[in-house]
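K.L.:
To start, I am sharing the structure in question, which I have written as structure tokens.
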């Protein structure tokens, strides 16, 4: 299940990824890919670790980048703060 979620997150975030450039020691630009996963609060740290690893592995596989260039950020929000079509979820 985590692999399917990770693949969906990767595909969705390919269009939304924030790209940060910075100079490396070799004086060239390095590309960092940041993926934000918005989710209900309450997941265990183990669940987040597994999902972050699955997202990272999929990004590395699809985009052919180094693992160290992938950043996964979890944005956890309580259930009462989520709305779809103006209706609280």
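K.L.:
At q = 0.14, 0.20, 0.26, 0.29 Å⁻¹, what is the log10 ratio I(q)/I(0) for the range 42-89, with the Debye formula run over Cα points and no solvent?
P.N.:
Log-scaled intensity ratios, in q order: -0.51, -0.75, -0.91, -1.01.
K.L.:
Among 44, 77, rank each residue by its count of other Cβ atoms within 10 Å, from fewest to most, as a rough exposure measure.
P.N.:
Numbers: 44 8, 77 11.
Lowest to highest Cβ neighbour count: 44, 77.
K.L.:
Please compute the length gained on full extension between residue 61 and residue 83, using 0.36 nm multiplied by the number of residues separating them and subtracting their Cα-Cα distance.
P.N.:
On the way: separation 22, 0.36 × 22 = 7.92 nm, distance 3.31 nm.
Result: 4.6 nm gained on full extension.
K.L.:
Which order do the peptides 51-62, 78-89, 32-43 come out in when sorted by mean C-beta neighbours inside 10 angstrom, highest first? Display every interim value, and only then the final one.
P.N.:
Details: 51-62: 18.2, 78-89: 8.6, 32-43: 15.0.
Averaged packing, sorted descending, gives the order 51-62, 32-43, 78-89.
Quick note: the coordinates plus some simple rules give every number you see, no bench work behind them. Fair warning: this is a prediction, and the values are worked out from it, not measured in the lab. Ideal geometry is used to build each Cβ from the backbone, glycine not excepted, and the neighbour counts take in all protein chains shown.
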